[in-house]
Structures are given as structure tokens and as C-alpha cells.
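Participant: I'd like to ask you about the structure that follows.
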Amino acid sequence: MSVTPEKLLVVNDLSTTFATAGGPLPAVANVSFDLTRNETIGIVGESGSGKTVLSRTIMGLQPRTNVAVTGSVLLNGNEMVGTAESVKRGLWGTEVAMVFQDPMTSLNPVMRIGKQIDETLRVRLGMSKQDAKARAIELLELVGIPSPSQRYDAFPGQLSGGMRQRVVIAIALACSPKLLMADEPTTGLDVTIQAQILNLLDELKERLHMSVVLVTHDLGVVATRTSRIVVMYAGRIVEIGSTRDVFANHRMPYTRALLESSPKVSNASHTRLITIPGRPPNLLKLTQGCSFAPRCAYASDKCHQERPELQGADQPGHSFACWNPLPTTRGDSAS
Amino acid sequence: MLRYVIRRILMLIGIIFVISIGSFFLIHLLPGNITAVIEGPGASPENQAKLYKLLGLNRPIYEQYFVWINNILHGNLGTSFISQTSVATTIGNALPIDLEMMFLSQILAFAAAIPMAMRSARKPDGIVDRFFSAGSFTMLSVPPFIVVILLVLFVTYKLGIPHTGPSSYVSLRADWIGNLESMALPAITLALGSFVVYFRVLRSDLIATLQEEFITMARSKGISQRRIMWRHAFRPSSVALLGAAGVNIGGLLAGGFVVQYLLNIPGLGYTLITSINTDDYLLVQGIVLVVSVGVVLINFIFDFIINIVDPRISRE
């Protein structure tokens, strides 16, 4: 083994392109970012912005056929791009695990939940049947499921959505992964349950010393739980920076539009939410210019003709991709 | 689950009652006079009338039904007018042959269909899948009586193996190796028909299941492809397969008669055809009843298995 790398995750120029009947579809294009140990990073964007594909590609969990991945993902020093599934299998569960979006579909409906947790322990850690069962019940308890030894024998259909998502989390945690990919972990749940699940993830992250990639379309979710935020649009990073910078000092009009479209407590009741006009572009018909230009109020001719690359903002680690960035609210204090 | 089972059992009793009425009256609708058959040509009308009364055929039909059903509940299916042997004994001799044929053919069909469907579903429209699918589709369009004749020709003439042609049935008790030899061709013929159905049903369900999110989730646990297929994909994909198997196996109980007739295997189907030809209506009635009840029971058992395999069904 080489020395433990300082960064747990280094994503460099990662692109995922699907071969479709309509031609190549660039679902993720030239994404680079990294993650230090015990850090939580948020990936936000509208539906179809490539968040889920990105998180699966980082894990190497993209479909096996009709997909081309280029670039590099170094996960705790292990290259995930172009690696055989048999090798990646040895990293899944122990190095990286995923909490899936919809607990209604991500658990096997005809397998008792205990067996679904056991399986990982027995196959991956070689535990005996008794040990695995005891550990599975411990895990169920850890994720806050009441009377875990009875629930062990339940089928997913006998549990509520929130309980199922706790089971999904228990499965992900079974082999103590160093990195947890949480792909919209609360989207399929009631609002009241969402906060519980997110708090649980936060608590477990601290307790088990994990890093977390939190994928969501809900900026409210990432605001207090992440140290940095990646904003994605049409498969590309359009802004990246510390959570504070992205919220308070964003430069990319898309980021502002996203922020304005989420409800705020400070709004008077019955305030109409601001929506982003138009729809995300068809990834099969991308133009030369900025993908957001057709929906952007600040778009100039240049925006339609030439794609902006990420450029550094005034704070270290904060970059954005825009020809006509919003003025900085910080003034000159940073320089 | 328990309530479900009780409800199904009550339904089962009702269905069997309706079947018993059906098979009883159906035979009485048939034309022909049994007394003429028993007494042979040239019997006097007086003697015929006497026999008619002796057999109780002059009593009201509902009385005849109650006598008949009462006997059946005591295991007495009557004595054939033609052969003077007990119908229950005749059926008891023939039924194990059908059951054996059914068992062998289903083992073969599942043993081929399950691994082939899994291989196909791994890469739909890949070379292997196209080959398997085209092959199964070809077999689907060839009826069993053609298959069995081709098989006989191939095995006896090309391979020169005896004991496989017609009139060579060996009973299981007498000589089990000889029995397996004589059962091989009918079992393979019936297996081919079942295999085609099972392969196609399981293949398409597996392809659908493998798209499910819980399969990706299973993959992300780092378990092998093989384990995902058997532990995660197979069970939720097997409901339609079991449904098809239930109907198919029920059909085989009597439906193997073409193959039995062609190969001279004295199973229920074969006996049914001979008894129809000789107007042995008590035997026909008995076989119809046994086969119908058998079909209903098999369907009941498969319904039950499906419920265990997919607990979502009885919960809804």
C-alpha cells in the first residue's frame, strides 16, 4: 500500500457520455473537484443537471453498456475510471457506499431487510451467520430503528418510507465506508422525515469519521450541512466554492436563480416563488456557448458563442463559469 | 397470510364441488346406451331394461349424483362395465406414470430455462441472447407430435439406441433404468414445450428486474454478479414463471396424451383415449374428475408458492 493520500477523493476532468439513439449524450462533462477527509460537500442543481450520473460515475457504478467515462477519479488513492468491475467490487461498501434516492425502490421488495444488511457483512467481511445478524441488529439500532431485532425479519413493504431510508443507510454503513455518497437521500420522503434523516447522516458522519458527498436539488438541505458546494448545470460545474461564498457571494446567475427559487422563512406568506424561465437544455443539442445562456437574463452575444471556463473568484477555492458575473457583494475587502 | 390460505381453501372446495357436478352430468349428456354395450349385440329389450334398472339408471338423476359422490368420498369410483375392474385401481396404476413424466419433464425444462434465461438477460440482444431467443421461438412453433416423431427417428435410427421406440414402456418398479430409458423421449418432448414458455417468461422478467434500482443498490454492496442474479433478481422475477408453470403442469396431467398415445405409454391420457373409444363411461368420468381436481390442486399449490416467493401479493 502507498501512503494514505491527503485527499480522500480527487475528481479530475471527469466526463460521462451515454451512447443513445440520438447520438452521444454528455451527461457529465469535465468535472473536477476534490474532497478532504471528514468533509461534507454538496452537489446541487436542477433535475437533469447530471448530479446523479456524476455521483454514480465517481463510484464507478454507471451502467455497464453504452457509456464512456473519461478523466480520473482517485478514491483514497484508487483509480475508479476504467477499472474492472471485479476490482471496484472490492472498494464498494468498504471505501465508498451509496445511499440511494428512493427507499421505495432501492430495497429488494422480496428480501427481509435483515438479510439485505447481513449479505454485505457476510460476503464482504466474511462474518459468520450469527455475527452478521448481531451486527445487523446493531446497525439497525444505530440508524434509529425501534425494536431492531423484530424489524430484522420485516420485508421492506412493512416499513414506512423514513424507516426504509434508515435501512438503506444501515446497509451503506455496514462495512464502515470512508466515503458516503448520498444521492438525494430525502427526496422520496415526507418533509417532516427529511430533517430526521439528514440529522442522522450528520450525526453518523461525525461518529464514524466519514466524508459525505450530499447530492440534492434543495439548497436548504446543503446550507447548514456542507463546507463546500458544487453547483451543476447541464453536466458541468458552473460554480464551486465554500458554502458561505456560494450563498452570500455567488457570481453565476444560475446559482442566484437556484437560490431565489427555494422558499425562505423570511418571505411573507403566499409569496410567489421565483422560477427559472425555460427548461434545462437538451444535452443532445448543446450549443457552442454557455448552456445557461438561453435562460439567463444577463446573457450577451458572447455567452451564446463561447463557453466560459471556470475562473477563480476573489476567495480561494471559489470559482465560477460566467462571462457576465454578478457583482461581488463583498466589495474590495477580499483583495 | 393465514386468512388468505383459508379463503383459498374454501374457494378450492367450492370449485371441486362444481367440477364434480360438471363431470357427472357431462357424461350423462353423451349419446349411446350402456346396456347395449354391456349385453353386446342381439340383446333383448327386456334384458336391457332389466339391466337398466339393476344399474340404478332409472332413478332420478340427482339421486344418482348423490350415490355417486358418496361413493367417491369413500374412495370408490365404481367398477368399469367393460373391463370389470375398479376404476380407482385403473387410475391408480396410470397416474404415477403421468406424475413421473410430469416430474422429469419439468426438472429438465427448469434446468435448461433458468440458466439460459439468466445468461440471456445479462446482455439482452447480445449474441447469446439472440441465439437462445431464436432457438426457443423456433421450438415454440413446432408441435409436440412432430417433435416426438423426429426424436424417435433420431434416437433409434441415427443413434441406434433401443428401448426408446413405441411399445417399450417399462414400469418403474420392474426396472428403473429401463423405465428411465422408456421415459426419456416423452419427458424430453414435454420438457421442450415447457422450456420454451419458461425461458421466454423468465428472460423478459429478469430483463425488467435487472433495470430496478435495488439491483444497482445490490451492485453497490460489492457482491458478485452471480449472487445478484440468484439472490436479488431471480426471486422477484419468478412470479410469472411460477404462474406459467402452474398452468403448464396442470395441462400436462392430461395434456400429455398425444405423446403417450404415440409412444404407447399407459398413463392417464392414454387410458382416457382408450376408454372413450370403448364407451367405458365410468372410467372416462373417473379420469375427468381426477384430472380436473388435479389441475385445481396444482394451481392452488402454485398460487401458494407464488405468495411465499413474493410476499407483496397477499399483503395487498
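Participant: Evaluated at 25 °C with a viscosity of 0.890 mPa s, what Stokes-Einstein diffusion coefficient in µm²/s does chain A have when Rh comes from the Kirkwood expression over alpha-carbon pairs?
Facilitator: After rounding, the answer is 116 µm²/s.
Participant: Taking the alpha carbon gyration tensor of segment B:1-67, what are the square roots of 5 times its eigenvalues, largest first, to the nearest whole Å?
Facilitator: Values: eigenvalues 310, 26, 12 Å².
Equivalent-ellipsoid dimensions as semi-axes: 39, 11, 8 Å.
Participant: On average, how many beta carbons from a partner chain sit within 10 Å of the beta carbon of a residue in A:81-93? Spell out each step's value before the answer.
Facilitator: Numbers: counts 0, 0, 0, 0, 4, 2, 0, 3, 7, 1, 1, 5, 4.
Mean number of neighbouring Cβ atoms from other chains: 2.
Participant: Taking every pair of Cα atoms in segment A:1-151, average 1/r, invert it to obtain the Kirkwood radius, and report Rg/Rh to two decimals. Each step should come with its number before you reach the end.
Facilitator: Values: Rg = 17.8 Å, Rh = 17.7 Å.
With Rg and the Kirkwood Rh in hand, the quotient comes to 1.01.
Participant: Taking only DSSP H segments of four or more residues, each worth -39500 (n - 2.57), what value at 222 nm results for the protein assembly as shown once the sum is divided by all its residues, to the nearest 500 deg cm²/dmol? Could you put the intermediate results ahead of the total?
Facilitator: Numbers: 26 runs with 330 residues, N = 651.
Only helices count here, giving -16000 deg cm²/dmol.
Participant: What whole-number distance in Å separates the alpha-carbon centres of segment A:23-78 and segment B:244-316?
Facilitator: Taking the Cα centre of segment B:244-316 as reference, the centre of segment A:23-78 is 56 Å away.
Participant: A further question on this structure: Residue by residue through A:114-123, how many Cβ atoms from other chains fall within 10 Å of the Cβ on average? Spell out each step's value before the answer.
Facilitator: Numbers: counts 0, 1, 6, 1, 0, 6, 5, 1, 1, 6.
Average neighbour count from other chains, rounded to a whole number: 3.
Participant: Separate question: Take the alpha-carbon positions of segment A:16-79, form their convex hull, and give its projected area averaged over all directions (one quarter of the hull surface) in nm².
Facilitator: Numbers: hull surface 19.9 nm².
Projected over every direction and averaged, the Cα hull of segment A:16-79 covers 5.0 nm².
Participant: Ok, one more. For each of A:322, A:175, A:290, A:303, count neighbouring Cβ atoms within 10 Å of the residue's Cβ, then give the residues from fewest to most.
Facilitator: Numbers: A:322 24, A:175 18, A:290 28, A:303 21.
Ascending Cβ contact count within 10 Å gives the list A:175, A:303, A:322, A:290.
Participant: Could you list B:220, A:15 so that the one with the fewest beta carbons within 10 Å of its beta carbon is first and the one with the most is last? Numbers along the way, then the final one.
Facilitator: Working: B:220 26, A:15 18.
Listing B:220, A:15 from fewest to most nearby Cβ atoms yields A:15, B:220.
Participant: Would you order B:205, A:153 from fewest to most other beta-carbon atoms within 10 Å of each residue's own beta-carbon? Write out the running numbers ahead of the final one.
Facilitator: On the way: B:205 20, A:153 11.
Result, fewest neighbours first: A:153, B:205.
Participant: What are the extents of the Cα atoms of segment B:1-137 along their three principal axes, listed from largest to smallest and rounded to whole Å?
Facilitator: Reported extents, whole Å, longest axis first: 76, 45, 25.
Participant: Return the whole-Å distance between the Cα centroid of segment A:164-189 and the Cα centroid of segment A:116-161.
Facilitator: Measuring centre to centre over Cα atoms gives 14 Å.
Participant: While we're here: If the reach is capped at under 20 angstrom between alpha carbons, list the lysines near residue A:264, excluding any in the same chain fewer than eight residues apart.
Facilitator: Output for residue A:264: empty list, no partners.
Participant: Quick one: the Cα spread of the protein assembly as shown along its three principal axes, in angstroms, biggest first?
Facilitator: So the extents along the principal axes, rounded to whole Å, are 127, 59, 52.
Participant: From the C-alpha coordinates alone, can you work out the Kirkwood hydrodynamic radius of segment B:251-307, in Å?
Facilitator: Details: mean 1/r = 0.0827 Å⁻¹.
One over the average 1/r among Cα pairs gives 12.1 Å for segment B:251-307.
Participant: Please tell me the relative contact order of chain B in percent, rounded to the nearest whole number, where contacts are Cα pairs under 8 Å and at least six residues apart. Present the calculation step by step, with values, prior to reporting the outcome.
Facilitator: Details: 314 pairs, mean separation 78.2, N = 316.
Relative contact order comes out at 25 percent.
Participant: In the P(r) worked out for segment A:117-203, what percent of Cα pairs fall beyond 18 Å? Numbers along the way, then the final one.
Facilitator: Details: 1588 of 3741 pairs.
Tail fraction, whole percent: 42.
Participant: How high is the relative contact order of segment A:162-275, in percent, with contacts defined as C-alpha pairs under 8 Å that are six or more residues apart? Before the final figure, lay out each step's value.
Facilitator: Values: 106 pairs, mean separation 20.1, N = 114.
Reported relative contact order: 18 percent.
Participant: Compute for chain B: radius of gyration divided by Kirkwood radius, i.e. Rg/Rh, restricted to C-alpha atoms, rounded to two decimals.
Facilitator: Ratio of gyration radius to Kirkwood radius: 1.06.
Participant: So, one more: Could you work out, residue by residue across A:102-109, how many beta carbons of other chains sit within 10 Å of that residue's beta carbon, and then give the average as an integer? If you can, show how the numbers build up before the last one.
Facilitator: On the way: counts 1, 2, 2, 5, 8, 4, 12, 7.
Taking the mean over all residues of the peptide, I get 5.
Participant: On to the next question. Within 10 Å of each candidate Cβ there may be at most 14 other Cβ atoms; applying that plus a DSSP loop requirement, which trypsin sites (Lys or Arg not before Pro) in segment A:15-98 survive? Walk me through the numbers on the way to the answer.
Facilitator: On the way: sites: A:37, A:51, A:56, A:64, A:88, A:89; in loops: A:37, A:64.
Within segment A:15-98, the qualifying trypsin sites (Lys or Arg not before Pro) (loop, at most 14 other Cβ atoms within 10 Å) are A:64.
Participant: Express the C-alpha Rg of segment B:187-316 as a ratio against the empirical globular expectation 2.2 N^0.38 Å, rounded to two decimals.
Facilitator: 1.41
Participant: Now a separate question. For segment B:210-271, what D do you get in µm² per second when you plug the Kirkwood radius from alpha-carbon pairs into Stokes-Einstein at 25 °C and 0.890 mPa s? Walk me through the numbers on the way to the answer.
Facilitator: On the way: Rh = 14.5 Å.
Translational D for this selection: 169 µm²/s.
Participant: So, by mean Cβ neighbours within 10 angstrom, what's the order for A:263-275, A:187-199 with the highest one leading?
Facilitator: Details: A:263-275: 7.8, A:187-199: 15.7.
Sorting A:263-275, A:187-199 by mean packing, highest first, produces A:187-199, A:263-275.
Participant: Which distance in Å, rounded to a whole number, links the C-alpha centroids of segment A:214-279 and segment B:26-91?
Facilitator: Between the Cα centres of segment A:214-279 and segment B:26-91 lies a distance of 88 Å.
Participant: Give me the Debye-computed log₁₀ of I(q)/I(0) at q = 0.24, 0.30, 0.31 Å⁻¹ for segment A:71-121, equal point scatterers on Cα only, no solvent, two decimals.
Facilitator: Log10 I(q)/I(0), no solvent term: -0.98, -1.16, -1.19.
Participant: Oh, and also: Rg over Rh of segment A:207-275, using C-alpha atoms and the Kirkwood radius, what does it come to?
Facilitator: Numbers: Rg = 13.3 Å, Rh = 13.3 Å.
Rounded to two decimals, Rg over Rh is 1.00.
Values in this text are rule-based calculations from the coordinates and carry no lab data. Just so we're clear, the structure is a prediction, and the values are computed from it rather than from any experiment. Here the Cβ is made from the backbone with ideal geometry for all residues, glycine too, and neighbour counts use every protein chain on show.
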